[in-house]
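*Asks:* Quick one: the structure is below, questions incoming.
The values are calculated or read from the model by the stated rules, or taken from the named source; none is laboratory data. Note that the structure is predicted; figures quoted are calculated from it, not measured. Virtual Cβ from ideal backbone geometry, glycine too; neighbours counted across all protein chains shown.
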Amino acid sequence: MMKELHSQGFTIHDIANSLNTAPMHPSTIATIKAAYALGCDLKIVSDANLFFIETILKHHGLFHCFSEINTNPSFVDEVGRLRILPYHDFNISSHGCGICPPNMCKGPVVERIMASAVADGKKRFIYLGDGKGDFCPSTKLREEDFVMPRKDYPVWDLICSNPLLVMAGVHEWTSWEDHQRILLHLIETIISSGRLPSSLIERNCKFQMTIPISSQEPLQHAVSVPHLACKGFNAPLNPSFEESAGLEAGPGAGEDVVGVVEEGVSTVVGAVVGC
């Protein structure tokens, strides 16, 4: 998709401007800021790409809320085209998960985050997501953790079909208001239990590339991204890795955080709150 956009004359600035016009539900912004203020360590695990996520988070003033972004890396090449690489380089090896896309399995990412957080004294986690790729990380949670699947979306269907594979407490949500109410309630529950929350993640599985957010800003939850018309065809600006990279993303390569969709395409990034 990036190749097509470039061939039609769209620049990296055009893409950024389009991303910046994408609406984000007010409750999403408020929820991220509230979770951050309560001491949660927010982390993103997404099958989007770094450029999209950074651009959106910085535009909404949320970049500083996240300590880590795990997603498909991206860069602008010598001719000005956005190139997207796979998080997991499936040309070298397979990540071995039959559920997740070849470029990213969020399960190992969440396991690493949890292991690191537990070592630092954080004991409990909340994972949020809505896509098929969010099921794998949900199965990595323990009984004392929580998962917040979006009701009637792929991850919800998979959890309902395989209830014995998920040990964490399941708290589904439908509206963004529900999302805010449930997440903050769970965080407060964890805090009141004597453990201060500190880790929130979002989704996607590929070759493991963790980007510290020292120079980035917050995002989290699903955001709706409008389409960019390219001479006769509409290209969603928040596609999956396969859509945006066309599986030819770059040399040696082969896209819940959460917003609302009012027009265009939406993506919910998986997230984990560690306490």
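*Asks:* Go through the stretch 143-175 residue by residue and tally those that are assigned to a helix (DSSP H, G or I), touching a Gly at 6+ places or on another chain (Cβ under 9 Å) and surrounded by fewer than 21 Cβ atoms within 10 Å (Cβ to Cβ).
*Replies:* Within the stretch 143-175, residues that are assigned to a helix (DSSP H, G or I), touching a Gly at 6+ places or on another chain (Cβ under 9 Å) and surrounded by fewer than 21 Cβ atoms within 10 Å (Cβ to Cβ) number 1.
*Asks:* I would also like to ask the following. In the stretch 127-153, how many are more than 13 Å from GLU172 (Cβ to Cβ) and in contact with a helix residue (DSSP H, G or I) (Cβ under 6 Å, 6 or more places away or on another chain)?
*Replies:* 8
*Asks:* For the stretch 154-181, name all the residues that are among the polar types (S, T, N, Q) and more than 19 Å from the chain's Cα centre (by Cα).
*Replies:* Within the stretch 154-181, SER161, ASN162 qualify.
*Asks:* Which residues, taken from the stretch 119-142, are in a helix (DSSP H, G or I), surrounded by fewer than 23 Cβ atoms within 10 Å (Cβ to Cβ) and not charged (D, E, K, R)?
*Replies:* ALA119
*Asks:* Just checking, how many residues over the stretch 38-93 are within 12 Å of the chain's Cα centre (by Cα) and either part of a strand (DSSP E or B) or among the aromatic types (Phe, Trp, Tyr) (or both)?
*Replies:* The number of residues fulfilling the criteria is 15.
*Asks:* Look at HIS6 and say whether it is surrounded by fewer than 17 Cβ atoms within 10 Å (Cβ to Cβ), modelled with pLDDT under 90 and either within 19 Å of LEU183 (Cα to Cα) or not aromatic (Phe, Trp, Tyr) (or both).
*Replies:* no
*Asks:* Going by what's in this entry, would ILE44 be described as closer than 28 Å to LYS123 by Cα and not charged (D, E, K, R)?
*Replies:* yes
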